[in-house]
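Please read the structure below before turning to the comments.
The values are calculated or read from the model by the stated rules, or taken from the named source; none is laboratory data. These numbers come from a predicted model, not from an experiment. Quick reminder, even Gly has a Cβ in these numbers, built from the backbone with ideal geometry, and neighbours come from all protein chains shown.
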2 protein chains.
Amino acid sequence: MLKMKDFEEHINTLRSLGLRPTKQRIKICEILFGKKATFHFTVNQLNEIYKKKFKSKISLATIYNTVHGFKKKGYLKEITLDGNKSYYDTNTLNHHHFYDEGEDKLIDIENFDVSLNSLPKAPLNKSIKSVELMIRLENNNHNQK
Amino acid sequence: MLKMKDFEEHINTLRSLGLRPTKQRIKICEILFGKKATFHFTVNQLNEIYKKKFKSKISLATIYNTVHGFKKKGYLKEITLDGNKSYYDTNTLNHHHFYDEGEDKLIDIENFDVSLNSLPKAPLNKSIKSVELMIRLENNNHNQK
DNA sequence: CTTATACTTTAGAATGATTATAAATTAATT
DNA sequence: AATTAATTTATAATCATTCTAAAGTATAAG
Ligand SMILES: [Mn+2]
Ligand SMILES: [Mn+2]
Ligand SMILES: [Zn+2]
Ligand SMILES: [Zn+2]
């Protein structure tokens, strides 16, 4: 069966990162890396998903620890938006986003959908670490009766 | 003398925005709009500058109120970065930024230094509100003895 | 100029996200 | 099975931001 295989894979991933495969971490892996699609989330959203999916609670501190651990190992990327909370992204490659303000939702943009033909040169003694586009979206229905 | 003129101008600006020209607001105007260059700041930085420049204290709540007021009137723009605090920008036009991570500093990029040749189409029923680039910088001296 | 009114400032409390702490639990090692 | 080290947990602490309600100030009216 497939479930077993995913489970084992998450254990191996965790071990290869030098993180003990605890049941909390394995479950978080199932949420984050069990789907094929990119996944954008906040710590609180992840906590809610965890509670619903596994009908068990987990300490918020563990969610923070795990997410920070995955980020440090390069398995998650932190994303910056309005507001005071962080978003995380299972797509750790450099890429661009739509941000739908109405739904407070991030959407990946494929790199080939964007062409950046010229970039400014970095200031002296600095080099470019990343180049990311944020395209904010609003609903079309502006002036309605 | 020039000082007087600037002062009067700030009063007029405030009046034209429907904001009473209180001494706190006029001083904040002097800080924000007294220089020609674009200015990026956090609420706390503005508070520190105010204390040093005028040797007087102001309530943080007033700084928040004023900054939010200017933002609503389109005289300031909020910028989004890592972390949990907001930056504000006296340049309210759509424009791109360098972010120097070492110095935690934003630098404007002139629009003509960037050419975006193709953009993705907005999802159904959504339209693009803004397109902004964030170019993160790091120091060159990485592998030093 | 004096009073009345609405707006503004202020200190401090409340909130919400995040981080720190220290004890209890669990995984890995012997 | 016992020992050690890592992890989880509840809870407290911190920090940016927002809220509140009382005191102060700018403007409008008389
Ligand atoms: Mn804000
Ligand atoms: Mn963080
Ligand atoms: Zn993404
Ligand atoms: Zn700027």
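Test B:K53 against the stated conditions and say whether it is touching a helix residue (DSSP H, G or I) at 6+ places or on another chain (Cβ under 7 Å) and surrounded by fewer than 17 Cβ atoms within 10 Å (Cβ to Cβ).
Values: touching a helix residue (DSSP H, G or I) at 6+ places or on another chain (Cβ under 7 Å): yes; surrounded by fewer than 17 Cβ atoms within 10 Å (Cβ to Cβ): yes.
Considered against the rule, which asks whether it is touching a helix residue (DSSP H, G or I) at 6+ places or on another chain (Cβ under 7 Å) and surrounded by fewer than 17 Cβ atoms within 10 Å (Cβ to Cβ), B:K53 comes out as yes.
Here is a yes/no grid of residues against (1) closer than 24 Å to A:K85 by Cα; (2) of a type in the set (D, E); (3) in contact (Cβ under 8 Å) with a residue 24 or more places away in the chain:
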| position | (1), (2), (3) |
| --- | --- |
| B:Y50 | no, no, no |
| B:N65 | yes, no, no |
| B:K73 | no, no, yes |
| B:N84 | yes, no, no |
| B:H95 | yes, no, yes |
| B:D100 | yes, yes, yes |
| B:L106 | yes, no, yes |
| B:F112 | no, no, no |
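For the subset of segment A:105-124 comprising residues that are polar (S, T, N, Q) and part of a strand (DSSP E or B), which member is surrounded by the fewest Cβ atoms within 10 Å (Cβ to Cβ)?
Taking segment A:105-124 and keeping what is polar (S, T, N, Q), we get A:111, A:115, A:117-118.
This time we only want the ones that are part of a strand (DSSP E or B), so: A:115, A:117-118.
On the way: A:S115: 11, A:N117: 9, A:S118: 11.
My answer is A:N117.
Take B:S115 and decide whether it is among the hydroxyl-bearing types (S, T, Y) and within 13 Å of chain A (Cβ to nearest Cβ). Reasoning before the result, please.
Working: among the hydroxyl-bearing types (S, T, Y): yes; within 13 Å of chain A (Cβ to nearest Cβ): yes.
Against the criterion (among the hydroxyl-bearing types (S, T, Y) and within 13 Å of chain A (Cβ to nearest Cβ)), B:S115 qualifies.
Only one residue in A:Y50, A:Y75, A:Y88 is more than 13 Å from ligand 2 (Cβ to nearest atom), among the aromatic types (F, W, Y) and under 25 Å from B:I135 (Cα atoms). Which one? So that I can check it myself, show each step before the final result.
On the way: A:Y50 fails: under 25 Å from B:I135 (Cα atoms); A:Y88 fails: more than 13 Å from ligand 2 (Cβ to nearest atom).
Only one candidate passes the filter, namely A:Y75.
Within segment B:88-104, identify whether any single residue is surrounded by fewer than 16 Cβ atoms within 10 Å (Cβ to Cβ), of a type outside the set (S, T, Y) and closer than 20 Å to A:L116 by Cβ, and answer yes or no.
yes
Considering only segment B:76-103, state which residues are within 15 Å of ligand 1 (Cβ to nearest atom) and of a type outside the set (A, V, I, L, M).
B:K77, B:E78, B:T80, B:G83, B:N84, B:K85, B:S86, B:Y87, B:Y88, B:D89
Restrict the check to segment A:75-86 and report whether at least one residue is more than 10 Å from chain B (Cβ to nearest Cβ), loosely packed, with under 15 Cβ neighbours inside 10 Å and part of a strand (DSSP E or B). So that I can check it myself, show each step before the final result.
To start, the set of residues in segment A:75-86 that are more than 10 Å from chain B (Cβ to nearest Cβ) comprises A:75-77.
Now drop any that are not loosely packed, with under 15 Cβ neighbours inside 10 Å, which leaves none.
No: segment A:75-86 contains no residue that is more than 10 Å from chain B (Cβ to nearest Cβ), loosely packed, with under 15 Cβ neighbours inside 10 Å and part of a strand (DSSP E or B).
Yes/no matrix, rows are residues, columns are (1) within 13 Å of DNA strand C (Cβ to nearest atom); (2) within 8 Å of chain A (Cβ to nearest Cβ); (3) of a type in the set (K, R):
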residue: B:F54; (1), (2), (3): yes, no, no
residue: B:N65; (1), (2), (3): yes, no, no
residue: B:D89; (1), (2), (3): no, no, no
residue: B:L93; (1), (2), (3): no, no, no
residue: B:E110; (1), (2), (3): no, yes, no
residue: B:P123; (1), (2), (3): no, yes, no
residue: B:E132; (1), (2), (3): no, yes, no
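Take A:K72 and decide whether it is closer than 23 Å to A:G18 by Cβ and at pLDDT 90 or above.
Considered against the rule, which asks whether it is closer than 23 Å to A:G18 by Cβ and at pLDDT 90 or above, A:K72 comes out as yes.
State whether the residues of segment A:68-86 include one that is within 16 Å of the chain's Cα centre (by Cα), more than 16 Å from DNA strand C (Cβ to nearest atom) and of a type in the set (V, I, T).
no
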